[in-house]
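J.: Please find one structure pasted underneath; my questions will follow.
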Amino acid sequence: METEQAVLALAALSQPTRLEAFRTLVRHEPEGLAAGDLARLLEVPQNTLSAHLSILSRVRLVSSERQSRSIVYRANLGEFRDVAVFLLRDCCGGRPEVCEPVVETLQSCCSPKPRRPAR
């Protein structure tokens, strides 16, 4: 990832409504959310949310797909991963122990939940 692309993605996420929209879409992966449902969840007027989603779409953090009369938005986790990796890639300066606490935190919060045994 280029520096300019990372800066644009981080700038897009630096606004509270956009950040909350992205986080909400992450929680609703992989199904995504219709724009109207997302606006209701965030308690934001649809036209305001549309402007925010447009900014997130331009930096490829969200994608959209028309389904019948609705537009369903999804978080682009691959692009977000690229931004996170860009930020962390050189953080350890050749010393992996510096980034180890960050990696451990991500592993503990993002580990797959154990599956229940079939009955």
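J.: Looking only at the range 71-102, filter to residues that are in a helix (DSSP H, G or I) and of a type in the set (G, A, S); which one of those is modelled with the lowest pLDDT?
T.: Step one: list which residues in the range 71-102 are in a helix (DSSP H, G or I), which gives 77-88, 96-102.
Pick out the ones that are also of a type in the set (G, A, S) and you get 78, 84.
Values: G78: 94, A84: 88.
In this case the residue turns out to be A84.
J.: I need a count of the residues in the range 29-70 that are part of a helix (DSSP H, G or I) and either out of contact with any strand residue (DSSP E or B) (no Cβ under 9 Å at 6 or more places or on another chain) or farther than 16 Å from L19 by Cβ (or both). Can you show your working first?
T.: Step one: filter the range 29-70 for residues part of a helix (DSSP H, G or I), giving 35-42, 46-58.
Still in the running and either out of contact with any strand residue (DSSP E or B) (no Cβ under 9 Å at 6 or more places or on another chain) or farther than 16 Å from L19 by Cβ (or both): 35-37, 39-40, 42, 46-52, 54-55, 58.
So the answer is 16.
J.: Quick one: count up the residues across the range 50-77 that are among the aliphatic types (A, V, I, L, M), loosely packed, with under 15 Cβ neighbours inside 10 Å and within 15 Å of the chain's Cα centre (by Cα).
T.: Residues meeting the conditions: 1.
The values are calculated or read from the model by the stated rules, or taken from the named source; none is laboratory data. Since we're looking at a predicted model, the values are computed, not measured. Counting neighbours? That spans all protein chains shown, and the Cβs are built from the backbone with ideal geometry, glycine included.
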